[in-house]
Each structure stands twice: as C-alpha cells, then as structure tokens.
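Participant: Got a structure for you, written out below as structure tokens; questions coming shortly.
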Amino acid sequence: MKAIIFGIMGKMGRCVAECLEQSGDRVSAGVDKRATAISVRGAHTADIIPIYTSWQDIYEEFDVVIDFSSPELSLAAVEFASLNNAPLVIGTTGHTEEQKQQIYQADLKYLCFLPNMSLGIDLIGKLCDDIRPRIKDNFCCSIIEKHYAGKKDAPSGTALSLSDKLGTVDIVSIRIGAAIGEHTILLENDFETIEIKHTAHNRKAFALGAVTQAKALLQRKTLDLGLRTSE
C-alpha cells in the first residue's frame, strides 16, 4: 500500500509514517504547511519521503490518503482525494459542523472519518451503544477527558462521539502535561459508581488503527459505523 500523509510533520503524521514502514507499506509523499525541508528519510527504511506544502505539487503514485493535520488542511485532503478518486482516512479532530458537512457531502470514493481509531475506543463505543438504554433512568452520566497541554480542541472529538452515543452527557476537559489521551465515563447513582476508562499509552494505538482502516478501504470492507462507502 502506498499512502499520502497530510500532516506528516506532526506527532501523529510521523507515527503513521513509521507504522506504514514497519508493516512493509510505503509513504509516497507528505503534505504539511509547516514543512521546512523538501524531503525526509524514513525512520526504518532508506526511502526518501518528499514533503510538499501544497497537494497540487504531488506527482507520486499512491493508493490511499491518510489525514492527521488540521481542520483546514483536512479539507484540502478531501479535495485531493476526491480529484484523484482515492480512499481517504481522516483522523483529524476539531472540525466545525460546517466543515464536517463539507467532508460528508464530498464526492469521495471511500471515506473513514473517525475522531479516534484505536481498538480500545472502538470497543468502548460499542459498549456505549449497548448500555445507553439501560442507564437512562438509573444513572447520572458524565465524561472526563485528559490530553496534553498543546491540544487545541476541547472537548476532544472522542469525548463528543462517546457523548453522542450515550445521549449527550456533560464533558469535563483537562489539558495538562504530555497525556496522549485518557477518557473516563462515569456512571453514578446514590448506591454505586461505575467507571469505564481508556488510556492511550502510545500514539501507535491511533496510527495502527488508521493504517488498518486504510487497508480496509482499499479492500472495500466496512469495519465500523464510522466508515462510509459508496460505489
């Protein structure tokens, strides 16, 4: 699999590139507004990865587009994927509702647009679907999410997604230190408390999920409710 990575200079972009290399796949090129070099060497291969500040400069062959950038640049990834009839995986968060609608209404071959691609959060999301009708009249529910101090969007996209699954609950956001990602669902009544917690110890949890989703799109398989396909 050959991928174009939008946001390749960021923490997640670099992590996705590393996971692709380790799995025997290839990063054809990267796009990043912050690029200060025209190319970088792969972390685990001798491949030279060209980096562009605009997708319009890309000429390399590729199979799929993976986006971990910014809401604005992810819209450029949508345009690029649409023009090239390429599958698109978006892990970027912080989009406005208008931007989300632009993404969903775009003429894309295949789209995976999820705020969190880790297996653990996928499992918790399915659990939320199951328990929602059971907690409505029995528990007060809230979500606490904690991320590193530099994370721009709050609440996190994951917390908002889990809240939607639970019926829109209160969210407390904490930005401190270098926490990669921690989400706790609290269910409480006068007699008992339940905590459902997910802690990401390494960004590879998200990167590996994105690579898995990208390969699924190429095989036209549906992994979860976040995947929209069209013929």
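Participant: Among what's in region 165-223 and is among the aliphatic types (A, V, I, L, M) and in a loop (DSSP other than H, G, I, E, B), pick the residue that is nearest to residue 126 (Cα to Cα).
Facilitator: Going residue by residue through region 165-223, those that are among the aliphatic types (A, V, I, L, M) are 166, 169, 171-172, 174, 176, 178-180, 185-187, 194, 196, 200, 205, 207-208, 210-211, 214, 216-218, 223.
Filter again for in a loop (DSSP other than H, G, I, E, B), leaving 169, 176, 178-180, 223.
On the way: 169: 17, 176: 28, 178: 28, 179: 24, 180: 22, 223: 12 Å.
Per the stated criteria, the residue is 223.
Participant: Could you please find all residues in region 176-225 being touching a helix residue (DSSP H, G or I) at 6+ places or on another chain (Cβ under 8 Å) and aromatic (Phe, Trp, Tyr)?
Facilitator: 206
Participant: Across region 127-163, what is the number of residues that are surrounded by 13 or more Cβ atoms within 10 Å (Cβ to Cβ), outside any loop (DSSP other than H, G, I, E, B) and under 22 Å from the mean Cα position of the chain (by Cα)?
Facilitator: 14
Participant: Out of region 101-126, which residues are in a helix (DSSP H, G or I) and out of contact with any strand residue (DSSP E or B) (no Cβ under 8 Å at 6 or more places or on another chain)?
Facilitator: If the condition is that a residue be in a helix (DSSP H, G or I) and out of contact with any strand residue (DSSP E or B) (no Cβ under 8 Å at 6 or more places or on another chain), then 101, 102, 119, 122, 123, 125, 126 are the ones that fit.
Participant: Let me ask something else. Out of (1) surrounded by 13 or more Cβ atoms within 10 Å (Cβ to Cβ); (2) within 29 Å of residue 81 (Cβ to Cβ); (3) under 17 Å from the mean Cα position of the chain (by Cα), what's the single condition that is false for residue 199?
Facilitator: The failed condition is (2).
Participant: Sticking with this structure for a sec: Return the only residue of 118, 161 being within 27 Å of residue 22 (Cα to Cα) and of a type in the set (Gly, Ala, Ser).
Facilitator: It is 118.
Every number in this text was worked out from the coordinates using simple rules, so none of it is lab data. Note that this is a predicted model, so its numbers are computed, not measured. Please note: Cβ atoms are built from the backbone with ideal geometry, for glycine as well, and neighbour counts cover all protein chains shown.
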